[in-house]
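Laboratory data are not the source of any read-out in this text; all were calculated from the coordinates shown. Please read these numbers as outputs of a predicted model, since none were measured by experiment. Here the Cβ positions follow ideal geometry from the backbone for every residue, glycine too, while neighbour counts run over all protein chains shown.
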Amino acid sequence: MQFSLEEENMSQIATENGATDHQSAPHQLTAADRCDACGAQAYIRVVVKNSELLFCAHHGRKHQEKLASIAESWHDESSRLLEDQRS
Ligand SMILES: [Zn+2]
């Protein structure tokens, strides 16, 4: 079996792509994401004017009416919160 430099470079590129794929769920909010208003765990992410806002379920609903019309992106994981409470 022969390994050329070219093949080695290609496998390195493939590894880098794989690392990018590993973060294929950038919209998933984690316990490290905190509500901008109260610091509770964030379940709603809103993009407004290219800046990202994080809200807990409570503040997400509170600001939804005002922000929904100008938000470029509205990502709501608050349904996950309900599932967590049920289990
Ligand atoms: Zn909050």
Extension length gain for Val47 and Ala32 (0.36 nm per residue less Cα distance), in nm, is 3.6 nm
Computed ³J(HN,Hα) along the stretch 36-48: with the Karplus parameters 6.51/-1.76/1.60, θ = phi - 60°, integer Hz and x for glycine or proline, the list is 5, 8, 10, x, 6, 4, 7, 10, 10, 10, 10, 10, 10
Expressed in nanometres to one decimal, the distance between label points 7 Å along Cα→Cβ at Ser79 and Arg61 is 1.6 nm
The ³J(HN,Hα) series, computed from each phi in the stretch 66-78 with the Karplus coefficients 6.51, -1.76 and 1.60 at θ = phi - 60°, rounded to the nearest Hz and given as x for glycine or proline, is 6, 8, 4, 6, 10, 6, 7, 8, 10, 10, 10, 10, 5
Sorted largest first, the Cα spans of the stretch 28-86 on the principal axes come out in Å as 34, 20, 20
